[in-house]
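Colleague: This structure is in structure tokens; I'll ask about it shortly.
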Amino acid sequence: MTPDGIRTAFGPAGLTTEEPVGRSTAWWGVTLFVATEGTVFAALLGSYFYLRFQHGAPWPPDGIARPELLLPLIMTAVLVPSSLPVVWAESGIRRGRRWQLRAGLLATLAMGGTFLGLQGVEYHGLLREFTVTTNVYGSLFYVITTFHGAHVTVGLLMVCWLLAASLHDGSGARRREQVRVVAYYWHFVDAVWVAVLFTVYLSPRL
Amino acid sequence: MASSTAACDTGPGPEAMASLSRHWAEAPTLRNWFATVDHKRIGRRYLVTAGVFFGLAGASAVALRTQLAGPEAGILSAWEYNQLFTMHGTAMIFLFSTPMLFGFGNFLVPLMIGARDMAFPRLNAFGYWVFLFAGLFMWASVPAGAAPDGGWFAYVPLTDERNSPGLHLDVYTLGLLFLGVSTTAGAINFIVTALKLRAPGMSLNRVPIFVWAVVATSFMVLFALPVLNLDNVLLFLDRRFDTRFFDPGRGGNVLLWQHLFWIFGHPDVYIIVMPALGIVSAVLPVFCRRGIVGYPLIVFSIVAIAIISFGVWVHHMFATGLPQLSYGFFSAASTIITIPSGLQIFAWLATMLTGRIVVRVPFLFVVGFLVTFVVGGVTGVMFALTAFDQQITDTYFVVAHFHYVLFGGAVFPILAGLYYWLPKLTGRMAGERLGRWAFGLVFVGMNLTFLPMHVSGLLGMPRRVYTYPGGLGWDPWNLLATVGAYVLAVGLLLVVAGVIHALRRGEPAPDDPWGGDSLEWATSSPPKPYNFPVIPRVHSLHPVWDPRTAESTGVGADGDRILAEGRGTLLTSELDGRYERAVRMPQETLKPLVAALGLLIVFLGLLLAGYWVAAAGAALVVVTLGAWLWPPRQTPEEADPAVGGGAV
């Protein structure tokens, strides 16, 4: 850069002019949506801690055992890395490689579906011990995990929609935006699971 | 500072104008009435529908005041009274004030920023239909004898399934969840529109205060409403499916309801008042013939209030036995939040003092706002002091306070906005004389209704009671309040009469009847479907008072800002408003209506325990959304991002 150029870049006009990297309306839309949905989970997990501390020891109450960690940790290992095929799929559509988009989305679908299946297995085991109406712990456990599972389901529906739409016709800015929106939502769902893992499964052991 | 837009020297030639009209026109068919995506039509519908709900909630209030005119009046039973007073509060807050202000926002935000529509026009239509159906869902419960009856705040354990059997509180929880979808959609739409669709040159420091207010409100909605939604979900689950969140016998906690409710509820009062204060900042300066004083401080105040409002909620719970330390913190925070509110008041006073006042009906309502909102603010600061609050909580002193800030802070600005923007909304001027009479009766009626309540409250009259015994010193104040309510009702009827008369026989309105400074006054009254034939280039905070704006839309204007081929508007950068690209806007479609109907089926199914019906409704919503977002069959030109790669 010339001395003049450097002076311009560091002068008031240069420092206060924004970088020419505006976001799309779809980016803002999904980011704001994730912010508001994230707040629901924040309030729900906050309520868990409020109810638990107001209840006091023992927790879980009424002789319910602390949740087993093996299955949830496997579920974590299945769900959290499922963000990677989504990133790979996004990269595919960006380069116009439809096979890469489809392969990535299918992998995500498989991993997300496995997660839900394992959740079902866990419920099957636990429902013998306590249900959603047993006490506040049961209500919290099932409502939190089901609410998260519902978000996973919606995410998988969106992935299926993208797969169907990818059969239809090619790329273009609009398609890339749609993949990105689903990707952001999916990353959000994964991050929420980590918070749920910490709150419901790990925190009773801390 | 006269308007510098001239109708004769617009840029585009006749072929461009014809092309714009052709692409943007919505044929006046019945299908298009249901399928419109035009923000101006949707905004007007919000205003009318919210106005009808205001009338219903107001009629409820007149019934309440009639019952309370004297001791043991026996006009309404407790059962009837509880439903009417709950619906009055719930409908005024959720079905009137925010939707009415969102209606103004819908109509005005694209115009004020120089855009041709909202960022997501179909989502906008969806938001309106959901609002309409949610409002009908809740009001239909009144003739069905199943209206919510636990107060607008629905505290547990009163509202649990044992103490409130029947469907009343299920209508409440489900109705608000339903409505929340609309409010959230609207909030996202406002933020994205204001960030991306501003005219070139409209950097953040040139954005009108009303738009700042709507955007800050929308951010508050995004973070406050989810907490209420959660609260309502938990209550519905407790009532319907026997979960134990609020059941102390099984480890639950009743105070959780209040915490979650007020974490939403306090920001909500600012969600209600903030756009209204934005209206004041739009209207007042025009009638002082100068720009608003202290623009940066007002923007700072708006943002500060939006943030601090999340940190004061416990002042609604000072009588619940929480720790002293907690009370101390929230008392301090509640006192601090008065500072940015006060800043705005002083900015408006300074604008009036340094301006040249022109008295018209909108200005009268702004003055009415200033007087009543400040009175309400003064009693509000008193409540920040825990010791005082614990004496008068749950008395009519509180009722007096919040009616002063809500009527003052929301209704007066709404009425000011109605008279101010009526020419732009409808192309007609309202009669000045009738408007002044309406103002006088509304102002006198409002004060006569709510001022006496300070006294009856201090004399110990509790709130939320369907009657009271005589001889406690409350009787004359209640009678005065009822007389005031009738005067107020007449005043409001005169407002309605004035609007109807204007629509039928009002003088046709020019583009800019008041000499305004913001961009909605730079186009016709009402605006054409495409709003602006040439999207202006903005050079200052008062574009219509700036000759450079008219030059930018005059002869030789850039084809890039006309976008005559297809339905397009401009995307600009978030901070500086720098031109990015054109974007295509969608055509009319019935899918938003169908999706809203699907949601109605979901909520009706949940209410009436028809869970398979609810599931079918959900499936309809999913399928409709899938079709809505399905990529349209595009020609190579349409797929070209330079022309516009499609919007929502």
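Each reported figure results from applying straightforward, stated rules to the coordinates on display, with no laboratory input. Remember, predicted model here, so these are calculated numbers, not experimental data. Reconstructed Cβ throughout: ideal geometry from the backbone, glycine too, with neighbour counts over all protein chains shown.
Colleague: Between B:Ser524 and B:Arg578, what FRET efficiency comes out of the Förster formula 1/(1 + (r/R0)^6) with R0 = 25 Å and r the beta carbon distance, rounded to 0.05? All intermediate terms of the calculation are to be shown ahead of the outcome.
Modeller: Details: r = 28 Å, r/R0 = 1.12.
So, using R0 = 25 Å, E works out to roughly 0.35.
Colleague: Once phi is turned into ³J(HN,Hα) by the Karplus curve 6.51 cos²θ - 1.76 cosθ + 1.60 with θ = phi - 60°, what whole-Hz value does each residue of the range B:30-40 show in order, with x for glycine and proline?
Modeller: Karplus values, whole Hz, x for Gly and Pro: 5, 4, 5, 5, 8, 9, 4, 10, 6, 4, 6.
Colleague: Continuing with the same structure: Specify the angular offset, from 0 to 90 degrees and rounded to the nearest 10, of the alpha carbon long axis of helix A:25-55 from the longest principal axis of the alpha carbons in chain A.
Modeller: 20
Colleague: Using 1/(1 + (r/R0)^6) with R0 = 45 angstrom and r between the beta carbons of B:Leu30 and A:Glu68, what's the FRET efficiency to the nearest 0.05?
Modeller: Working: r = 60 Å, r/R0 = 1.34.
It comes to 0.15.
Colleague: On alpha-carbon atoms, Rg over Rh for the protein assembly as shown using Kirkwood Rh?
Modeller: Details: Rg = 27.8 Å, Rh = 28.7 Å.
We get a ratio of 0.97 for the protein assembly as shown.
Colleague: Tell me, B:Ile298, A:Ile144 in order of fewest to most beta-carbon neighbours within 10 Å? Write out the running numbers ahead of the final one.
Modeller: Values: B:Ile298 23, A:Ile144 20.
Sorted ascending by nearby Cβ count, the order is A:Ile144, B:Ile298.
Colleague: Taking amide H positions as placed in the peptide plane 1.01 Å from N, state which residues far from B:Arg428 in sequence (5 or more) or on other chains have amide H under 5 Å from it.
Modeller: Here B:Ala509 satisfy the definition.
Colleague: Also: Roughly how many nanometres apart are two label points built 7 Å out from the Cα toward the Cβ at B:Arg22 and B:Leu136?
Modeller: 3.7
Colleague: Quick one: angle between helix B:591-607 and the longest Cα principal axis of chain B, in degrees between 0 and 90, rounded to 10, please.
Modeller: Tilt of helix B:591-607: around 10 degrees.
Colleague: Turning to a different aspect of this structure: For a quick check: with amide H placed at 1.01 Å from N, whose amide H comes under 5 Å from B:Gly568's, ignoring anything fewer than 5 positions away on the same chain?
Modeller: The answer is B:Met585.
Colleague: Principal axis lengths of chain B from Cα atoms, whole Å, largest first?
Modeller: Between the extreme Cα coordinates on each principal axis of chain B lie 77, 61, 50 Å.
Colleague: Turning to a different aspect of this structure: How many angstrom lie between the C-alpha centres of the range B:199-272 and the range B:590-619?
Modeller: 24
Colleague: What's log10 of I(q)/I(0) for the range B:136-274 at q = 0.12, 0.15 Å⁻¹, Debye sum over Cα points only, no solvent?
Modeller: Debye intensities relative to I(0), on a log10 scale: -0.57, -0.78.
Colleague: Can you pull the one-decimal nm distance between simple spin-label points at B:Glu432 and B:Asp558, each 7 Å off the Cα toward Cβ?
Modeller: 4.1
Colleague: Count, for each residue of B:253-264, the Cβ atoms from other chains sitting within 10 Å of its Cβ, then give me the mean as a whole number. List each step's numbers first, then the result.
Modeller: On the way: counts 8, 0, 2, 6, 0, 0, 4, 5, 0, 0, 2, 1.
Counting Cβ atoms of other protein chains within 10 Å of each residue's Cβ and averaging gives 2.
Colleague: Follow-up. In whole Å, what three semi-axes, largest first, describe the equivalent ellipsoid of the range B:26-131 built from its Cα gyration tensor (square root of 5 times each eigenvalue)?
Modeller: Numbers: eigenvalues 279, 36, 20 Å².
They are 37, 13, 10 Å, listed from largest to smallest.
Colleague: Can I ask one more? Which length gain, in nm to one decimal place, applies between B:Tyr611 and B:Arg240 when the Cα-Cα distance is subtracted from 0.36 nm times their residue separation?
Modeller: Working: separation 371, 0.36 × 371 = 133.56 nm, distance 1.19 nm.
That pair, B:Tyr611 and B:Arg240, stretches by 132.4 nm at full extension.
Colleague: State, to one decimal in nm², a quarter of the convex hull surface area for the C-alpha atoms of the range B:10-84, i.e. the direction-averaged projected area.
Modeller: Numbers: hull surface 35.9 nm².
For the range B:10-84, the mean projected area of the Cα convex hull comes to 9.0 nm².
Colleague: Oh, and also: Name the residues whose placed amide hydrogens come within less than 5 Å of the amide hydrogen of B:Arg581, ignoring near sequence neighbours (fewer than 5 apart) on the same chain.
Modeller: The list, which skips near neighbours in sequence, is B:Leu571.
Colleague: When the gyration tensor of the range A:1-80 is built from Cα positions, what are the square roots of 5 times its three eigenvalues, in whole Å, from largest to smallest?
Modeller: Working through the eigenvalues yields semi-axes of 51, 17, 15 Å.
Colleague: If each DSSP helix of 4+ residues adds -39,500 (n - 2.57) and the sum is divided by the residues in chain A, what number results at 222 nm, nearest 500 deg cm²/dmol? Please report the intermediate quantities before stating the final value.
Modeller: On the way: 8 runs with 152 residues, N = 206.
My calculation for chain A gives -25000 deg cm²/dmol from helical runs alone.
Colleague: May I pose another question? Could you check the spin-label model distance between B:Leu297 and A:Ala165? Points 7 Å from the Cα along Cα→Cβ, value in nm.
Modeller: Once both label points are built, they end up 4.9 nm from each other.
Colleague: Positive end of the charge dipole of the protein assembly as shown (Lys, Arg +1 and Asp, Glu -1 on Cβ, about the Cα centre): tell me which of B:Ile601, A:Val159, B:Leu480 has its Cα farthest that way.
Modeller: Result: A:Val159.
Colleague: Can you list the equivalent-ellipsoid semi-axes of the range A:25-205, largest first and in whole Å, using the square root of 5 times each Cα gyration tensor eigenvalue? Please report the intermediate quantities before stating the final value.
Modeller: On the way: eigenvalues 249, 57, 27 Å².
Ellipsoid semi-axes (Å, largest first): 35, 17, 12.
Colleague: Using helices alone, what [θ] at 222 nm do you get for chain B, with -39,500 (n - 2.57) per DSSP H run of 4 or more residues, divided over all residues and rounded to the nearest 500? Could you put the intermediate results ahead of the total?
Modeller: Numbers: 22 runs with 386 residues, N = 648.
Value at 222 nm, helices only: -20000 deg cm²/dmol.
Colleague: Still on this structure: Pairing the Cα long axis of helix B:432-458 with the longest principal axis of chain B, what angle in degrees results, from 0 to 90 and rounded to the nearest 10?
Modeller: 30
Colleague: Can you work out the PRE-style zone for B:Val48? Point 7 Å along Cα to Cβ, and I want the residues of the range B:70-114 with backbone N under 18 Å.
Modeller: Zone members listed by number: B:96, B:99-108.
Colleague: Positive end of the dipole of the range A:25-205, charges at C-beta (+1 Lys, Arg; -1 Asp, Glu), about the Cα centre: which of A:Leu197, A:Ile93, A:Ala35 has its Cα farthest in that direction?
Modeller: Sorting the options by dipole projection puts first A:Ile93.
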